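For reference, the structure is listed below as structure tokens.
The values are calculated or read from the model by the stated rules, or taken from the named source; none is laboratory data. For clarity, every value in this text was computed on a predicted model and none was experimentally measured. Positions of Cβ are backbone-derived with ideal geometry, glycine not excepted, and every protein chain shown enters the neighbour counts. Please note that ligands, DNA and RNA were not included when accessible areas were found on the heavy atoms of the full protein model with its side chains. Shrake-Rupley method; radii C 1.70, N 1.55, O 1.52, S 1.80 Å.
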Amino acid sequence: MIQLFHVKKAYPGDAPVLDDVTLRIEKGEFVWLTGPSGAGKSTLLKLLFCAETPTSGQILVGGRNIVRLSQGGIPFLRRNIGVVFQDFKLLDNRTVVENVGYALEVLGASDAEIRERSLKRLDQVGLKHKAASLPQRLSGGEQQRVAIARALVNEPTILLADEPTGNLDPGLTDSILQLLFDANARGTTVIVATHDRTLLTRYHKRTIALASGKVVFDA
Amino acid sequence: MIAHVAWRLSRRAAMNLWRAPLPSLVSVLTISLALFIGASFVLGLFAARALLTSWGAQASVTLYLDKETTDEQARGLLQKVVAQSPDLEVVYVDRALALKRLRTELGDLSGALDGLSQNPLPPSLEVTPKSALPPAGVRMLAAQLGQLPGVAEVDYGREWLDKLEALARGLRVFGAGALFTVLGAALLVVANTIRLAVYARRDEIEIMKLVGATDGYVRAPFLLEGALQGLIGAALALGGVVAVQKWLLPGATQAFAFAAGIRAPNLTPAHGAALLGAGAVVGLFGSWLAVARFLRT
Ligand SMILES: Nc1ncnc2c1ncn2[C@@H]1O[C@H](COP(=O)(O)OP(=O)(O)OP(=O)(O)O)[C@@H](O)[C@H]1O
Ligand SMILES: [Mg+2]
């Protein structure tokens with residue numbers, strides 16, 4: 001499903017953020033991506049949905065080399081990848097249900113369909129009653145769940161979640177992770193970036209650890 | 001699917017216009033002003049051209065015939081010319097009449113002619129187009145008539161026509177330059193307004209792109225917004241031009257004696273459509289510039 005070959009990412013003037021990363025993640029896998037702050041976790045995820053381009057190396061997603069993807073091909077790659085951003089990226093002047101609907105709108109769905117499917121996802125994350133609220137009025141954990149609902153609303157084949165449990169209390173962490181496990185159970189390939197080591201010991205899944213841009217552990 | 005997406009995008013464009021009315025208003029007013037000035041220039045050019053044409057038409061073509069031409073031959077030639085082009089008015093001036101005219105023109109000095117043993121003037125045909133001809137048309141007519149047998153010389157006020165033509169050319173160049181300048185200025189204002197609108201919605205654009213919106217989908221509402229601003233501006237300019245023609249010009253034409261006999265050019269529906277089209281194109285192109293620059297970064 002996802003393959004990286006000798007991927008290097010360096011910003012001019014700095015030491016490389018990712019250095020010679022080679023990885024293979026199978027369809028339907030659930031993977032923890034861990035490592036200390038600044039290790040390159042977010043950068044690796046950004047490479048996968050073409051928010052960044054690697055300095056060198058090749059990346060295959062679903063059998064396609066996304067490094068060679070044209071500008072016009074990127075939107076179509078992204079439609080298959082749901083992303084939960086580290087900073088949520090919710091629009092403050094749009095309601096919760098509208099925020100979730102964005103991922104469907106760009107697919108050309110009708111207004112009625114967008115609303116129905118968005119509400120269904122919100123129901124799954126337990127926020128149907130907040131559909132008409134603005135994101136600012138929600139707690140951090142609730143905003144996190146809206147971001148997850150948006151990432152999952154168009155049934156992507158890949159889900160990338162960047163610190164989806166950052167700054168949440170343990171109870172909320174479990175319920176949010178459960179949403180990701182559910183998606184994984186439905187067949188979605190899930191990669192979760194986290195620096196929370198306790199999660200790794202609590203939920204035994206494949207773990208890829210980065211340190212200074214290199215893969216230092218994978219099992 | 002295309003229909004409801006188009007509907008959603010137009011709704012969004014209208015909504016954006018509505019949400020940020022001030023910059024949009026500035027844009028609309030600039031476009032309308034530019035197009036009003038532009039349209040006035042163009043209509044002024046039309047009027048000037050009509051005026052020049054009528055002056056050109058007044059310069060009739062005189063065909064001097066060989067001195068030996070008999071009255072009969074001259075009248076035959078006149079018939080031939082009229083038969084060939086019925087929209088020409090032709091008058092035969094025989095040698096005696098020519099001399100008489102010269103006498104009248106000379107007035108007190110006419111005594112000088114008394115010493116002549118014979119009439120030195122050739123007979124001539126005076127050709128006047130019944131309907132106005134542009135300078136180039138007069139020139140062509142003169143060349144054509146000069147080919148006729150028995151015509152010794154053609155006089156059509158060549159220098160006068162040359163000056164008229166130069167004047168018309170100058171007006172055209174100046175008008176085109178002015179038109180491009182005002183339209184260019186309007187374009188930049190629209191581009192700037194849309195750039196502000198894009199900037200205000202950069203978060204939304206970023207998210208739309210991250211969830212898989214194509215550039216075209218992101219661009220469309222802004223292009224529509226720009227085109228809409230252009231259209232509204234053009235409609236205002238059109239209203240202004242029509243108002244000026246209806247209420248201001250009739251009085252003005254009476255006031256200016258030189259324009260007597262020249263009607264202000266009428267604004268045809270085609271002109272109106274062209275004006276609206278120009279507005280839409282300016283708006284569209286302006287927003288294209290703004291969005292293209294944003295999407296690239
Ligand atoms: N646009 C950029 N320009 C320059 N350096 C960057 C840029 N983006 C990221 N970096 C650098 O890349 C390194 C890795 O960043 P990244 O966000 O991938 O880390 P991370 O593992 O996600 O950390 P965290 O756990 O804090 O989120 C950091 O040192 C960061 O400063
Ligand atoms: Mg990060």
Hits in the stretch A:158-186 - residues which are in contact with a Lys or Arg (Cβ under 8 Å, 6 or more places away or on another chain) and more than 16 Å from ligand 2 (Cβ to nearest atom): A:Ile176, A:Leu179
Residue within the stretch A:64-84 that is within 16 Å of ligand 1 (Cβ to nearest atom), in contact (Cβ under 8 Å) with a residue 40 or more places away in the chain, within 14 Å of another protein chain (Cβ to nearest Cβ) and in a helix (DSSP H, G or I) present: no
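For (1) touching a residue at least 40 places away in the same chain (Cβ under 8 Å); (2) near ligand 1 (Cβ under 10 Å from one of its atoms), each residue gets a yes or a no:
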| residue | (1), (2) |
| --- | --- |
| A:Met1 | yes, no |
| A:Phe5 | yes, no |
| A:Asp14 | no, yes |
| A:Thr53 | no, no |
| A:Gly57 | yes, no |
Subset of the stretch A:26-41 [away from ligand 2 (no atom under 16 Å from the Cβ) and either under 10 Å from A:Ile191 (Cβ atoms) or open to solvent by 40 Å² or more (accessible area, probe 1.4 Å) (or both)]: A:Glu26, A:Lys27, A:Glu29, A:Phe30
Wholly enclosed strands (runs of 3 or more DSSP E) of the stretch A:95-213 bearing at least 1 residues open to solvent by 10 Å² or more (accessible area, probe 1.4 Å): A:158-162, A:206-211
Pair list, Cβ < 6 Å and 6+ apart or interchain, from the stretch A:28-44 residues that are within 21 Å of A:Asp182 (Cβ to Cβ) to residues that are within 11 Å of ligand 2 (Cβ to nearest atom) and open to solvent by 10 Å² or more (accessible area, probe 1.4 Å): A:Leu33/A:Lys41
Breaking point among (1) away from ligand 1 (no atom under 14 Å from the Cβ); (2) away from chain B (no Cβ under 14 Å); (3) more than 22 Å from A:Ala149 (Cβ to Cβ), for A:Val31: (3)
Residue in the stretch B:204-226 that is farthest from B:Trp7 (Cα to Cα), counting only those that are more than 11 Å from chain A (Cβ to nearest Cβ) and not aromatic (Phe, Trp, Tyr): B:Gly226
Condition broken by A:Gly187, with the remaining ones in (1) touching a Gly at 6+ places or on another chain (Cβ under 8 Å); (2) modelled with pLDDT of 90 or more; (3) on the phi < 0 side of the Ramachandran plot; (4) away from ligand 1 (no atom under 16 Å from the Cβ) satisfied: (3)
Residue under evaluation B:Arg201, criteria (1) open to solvent by 30 Å² or more (accessible area, probe 1.4 Å); (2) away from chain A (no Cβ under 14 Å), criterion not met: (2)
Criterion violated by A:Ala209 - all others in (1) within 14 Å of chain B (Cβ to nearest Cβ); (2) within 16 Å of ligand 2 (Cβ to nearest atom); (3) farther than 18 Å from A:Val84 by Cβ satisfied: (1)
Top-ranked residue in the stretch A:42-61 [being over 22 Å from A:Asn184 (Cα atoms) and within 15 Å of ligand 2 (Cβ to nearest atom); ranked as least open to solvent (accessible area, probe 1.4 Å)]: A:Thr43
Pair list, Cβ under 9 Å, 6 or more apart: the stretch A:101-119 residue within 13 Å of B:Tyr217 (Cβ to Cβ) and free of Cβ contacts under 8 Å to residues at least 40 places away in the same chain, other residue open to solvent by 40 Å² or more (accessible area, probe 1.4 Å) and of a type in the set (A, V, I, L, M, F, W, C): A:Gly108/B:Met1; A:Gly108/B:Ile2; A:Ala109/B:Met1
